[in-house]
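J.: Sharing a structure, written as structure tokens. Questions coming.
Derivation of every value follows stated rules applied to the coordinates shown; laboratory data play no part. Quick caveat: nothing in here was measured; it's all calculated off a predicted structure. Using ideal geometry, Cβ is built from the backbone for each residue, glycine included, and neighbour counts are taken over all protein chains shown.
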Amino acid sequence: MILDRELYSTVTVSDLLLALMIMLIAAMIGKTIALNLKRIFKDMSKDRIATISKIIYYTFVIVGVLIALPILEVNLTGLLVAGGLMAIVIGFASQSIVTNLISGIFLSIEKPVKVEDVVSIGGGEGSMGMVEEIRIISTTIRTFDGVYVRIPNEKVFTNSITNFMENVARRFEYVVGIRYSDDADKALEIIKGLIEDHPLALKEPPPQIFVQNLGSSSVDITVRIWAPSTQWFRVRMELLWKIKKTLEENDIKVPFNQQEVWFLNDLEVQGKDAK
Amino acid sequence: MYGDYELPFQLSTDEFTLMTETSGDGFTYTRTVGEDIVSKQILTDTAKLNISPIEPLNLPMKLTSALQIELENAIVIKPQSKRKVYLTFPVELGVFLYAERSQKSIDIFSLKKPKYTLYGDVSTGTICKYWKSTVFPDIPETNILHEGVIELSIKNNSIDWIEIHKVVFNAYGMKIFYDEDLVAMRARMAIKKEDTSVTDFINKPLKKGMKKALELYIKEKQPLKGTRFIMEGGL
């Protein structure tokens, strides 16, 4: 029979088919578990599910290969020795890849960033944006200008990371200067009312509105507001403009810088219409 | 006011107008609340429209599934006891279109101003929709287009007197019922200790004959979402 035909040594066609079947089944089990993980853990972050799925899938594939190879009379001891030597050579050649890979594993354990977080990595505007994907070797970010930035995981792991979304709420601050002749109490009330009216300016922690400084040209009112981290920029923009417009509607204005100059002697003004 | 309507129809109150007009092969849906106007083209020849009070967590955007009700007058409850009080909650009105077995929410609006707050601390807390309510001993009279009523059964399992200033609920557990005079939910609050309690809802109407409102926060679609809210950030 064709199944009993020897291919090499004592390995027959049936051995080959059995080995292939074992590898195929292992890969199928791995894939099924990986797919179901996505379905079961819908609430888990995409990057975490993807990493776990990949680990499970490749573990099953490797186990399948390790079971199948002895059937094909492949000596694993020899392979391991050869593999060891290869590993040293490849290790030197791909040092940075391995560093990035290990950093990627630690990133997925520590999870300082998640997909859709707004982060700044290593400071600077260039690496500030929304995390699009955390792969095993690199992390990709979409900057606010829509630019794709790929950062090797080693850099992500070793640099300082500012995650603007890690906490659920975030505070921002304005300094609003008004004229000395304006009613500061009225200005405080107006600003307080506008913050109360804005749905996304959080009730708790409460906003702070107070006169912080009597400046050379203005009475400086400090306004501190908490907003949900996902919405803080929108709230910051909307409220600043509303405060400016509403204060002006109430004849409370932001003054220009003023300088009072005193002359020791009387001044004589010369010119055509001078008085 | 709440319930099913055959297309086309028109519904006007002092505060809003809902209108569907025949237009070409379908209908034009228009909703007006003050200066806010929403218009949509519905491409169907037969469909029903349903107006229902829904979980008050959709406006101005779906930001959270937690509703925090701050109590205007705090509740003090004695140890190992059970009491019942009534609170109000803001109503959001959902307009649903349905034909055969499928339904679609086409519009959500509210006649109450939305506000958000943070329950707990900044790093571990929860963003909640905010509402302030008086604590009533009996079912209060409300405008069903503005406010609903929560019957809250409080069980103090601790050995201390407990003072309650706020209650937080999870939208995935909310079961809203309505009739011509009332929009209502029934909820439970089990106090474990001074700053920890668990809230959830009872899937039964407050009065006989009340109809169940349509739900947007459906637990079956989010199997890992619980229906309870564990209040660990203080009461």
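J.: Per 5 Å bin, what is the whole-percent P(r) computed from every C-alpha pair distance within segment A:6-93?
T.: 3, 14, 15, 14, 15, 14, 12, 8, 3, 1, 0
J.: What does the charge dipole of chain A about its Cα centre add up to, to the nearest 20 debye, if the Cβ of each Lys and Arg holds +1 and the Cβ of each Asp and Glu holds -1?
T.: The dipole of chain A has a size of about 780 debye.
J.: Shifting gears a bit: Per the helix-only calculation at 222 nm, which mean residue ellipticity applies to the protein assembly as shown, given -39500 (n - 2.57) for every DSSP H run of n ≥ 4 and division by its residues, nearest 500 deg cm²/dmol?
T.: Taking each H run of at least 4 residues, the total per residue is -8500 deg cm²/dmol.
J.: Which is the longest part of chain A that has none of the chymotrypsin sites (Phe, Trp or Tyr not before Pro) sitting in a DSSP loop with at most 11 other Cβ atoms within 10 Å?
T.: Result for the longest clean stretch: A:1-143.
J.: Please name whichever of A:199, B:218, B:97 sits farthest to the positive end of the charge dipole of the protein assembly as shown, dipole taken about the Cα centre and charges placed at Cβ: Lys and Arg +1, Asp and Glu -1.
T.: Comparing the listed Cα positions along the dipole, B:218 ranks first.
J.: Also, quick follow-up: If you project the alpha carbons of segment A:169-249 onto their three principal axes, what span does each projection cover, largest first, in Å?
T.: In descending order, the Cα extents are 38, 23, 18 Å.
J.: Taking the 0 to 90 degree range and rounding to the nearest ten, how far is the long axis of helix A:184-197 tilted relative to the main principal axis of chain A, both from C-alpha atoms?
T.: Between helix and principal axis, roughly 30 degrees.
J.: Related question: Which value, in debye to the nearest 20, gives the size of the charge dipole of the protein assembly as shown about its Cα centre, when Lys and Arg are +1 and Asp and Glu are -1 at the Cβ?
T.: Here the protein assembly as shown has a charge dipole of around 1620 debye.
J.: List the pair-distance distribution P(r) of chain A, using every Cα-Cα distance, as the percent of pairs falling in each 5 Å bin from 0 up to the bin containing the longest distance, rounded to whole percents.
T.: With 5 Å bins starting at 0, P(r) equals 1, 5, 8, 8, 8, 9, 9, 8, 7, 6, 5, 5, 4, 3, 3, 3, 2, 2, 1, 1, 1, 0, 0, 0, 0.
J.: Only Cα pairs under 8 Å and at least 6 apart count here; give the relative contact order of chain A as a rounded whole percent.
T.: 12 percent
J.: Can I ask one more? Extent of segment B:3-231 along each principal axis, from alpha carbon coordinates, in Å, largest to smallest?
T.: Principal axes ranked by extent give 68, 37, 34 Å for the Cα atoms.
J.: Springs between alpha-carbon atoms under 10 Å, Gaussian network over chain B: tell me which of B:147, B:72, B:215 tops the mean-square fluctuations.
T.: Comparing B:147, B:72, B:215 in a Gaussian network model of chain B, the most mobile one is B:72.
J.: Based on Cα positions only, what radius of gyration and what Dmax would you give for the protein assembly as shown, in angstroms?
T.: Looking at the protein assembly as shown, its Cα Rg and Dmax stand at 32.3, 125 Å.
J.: Further, regarding this structure: How high is the relative contact order of segment B:3-231? Use alpha-carbon pairs under 8 Å, at least six apart in sequence, and give a whole percent.
T.: It comes to 19 percent, rounded to a whole number.
J.: Beyond 29 Å between alpha-carbons counts as too far, so tell me which of B:84/B:115; B:48/B:207; B:113/B:193; B:40/B:132; B:155/B:208; A:38/A:111 fall in that bin.
T.: In this structure, B:113/B:193; B:40/B:132 lie more than 29 Å apart at Cα.
J.: What angle, in degrees between 0 and 90 and rounded to the nearest 10, separates the Cα long axis of helix A:46-71 from the longest principal axis of the Cα atoms of chain A?
T.: So the inclination is approximately 10 degrees.
J.: Something else: What fraction of the DSSP beta bridges in segment B:3-231 is antiparallel, stated in percent and rounded to the nearest 5?
T.: 85 percent
J.: Would you please give the residues with an amide H less than 5 Å from that of residue B:128, counting only those at least 5 places away or on a separate chain, with H modeled from the backbone geometry?
T.: B:117, B:118, B:119
J.: In addition: What does the charge dipole of segment A:169-249 about its Cα centre add up to, to the nearest 20 debye, if the Cβ of each Lys and Arg holds +1 and the Cβ of each Asp and Glu holds -1?
T.: Dipole size: approximately 380 debye.
J.: Pick out, from A:74, A:33, A:59, the residue whose Cα sits farthest towards the positive end of the charge dipole of segment A:1-75, with +1 on the Cβ of Lys and Arg and -1 on the Cβ of Asp and Glu.
T.: The listed residue farthest towards the positive side: A:33.
J.: Let me ask something else. How high is the relative contact order of segment A:6-93, in percent, with contacts defined as C-alpha pairs under 8 Å that are six or more residues apart?
T.: Contact order relative to length: 38 percent.
J.: In whole angstrom, how far apart do the alpha carbon centroids of segment B:5-35 and segment A:1-70 sit?
T.: The two parts, judged by their Cα centres, are 59 Å apart.
J.: Once phi is turned into ³J(HN,Hα) by the Karplus curve 6.51 cos²θ - 1.76 cosθ + 1.60 with θ = phi - 60°, what whole-Hz value does each residue of segment B:129-135 show in order, with x for glycine and proline?
T.: With the stated coefficients, segment B:129-135 comes to 6, 10, 8, 10, 9, 6, 8 Hz.
J.: Place +1 on the Cβ of every Lys and Arg and -1 on the Cβ of every Asp and Glu in segment A:110-163, take the dipole about the Cα centre, and give the residue among A:138, A:160, A:148 whose Cα lies farthest towards its positive end.
T.: A:138
J.: List the residues whose amide H sits under 5 Å from the amide H of residue A:202, counting only those 5 or more places along or on another chain, with H placed 1.01 Å from N in the peptide plane.
T.: A:226, A:227
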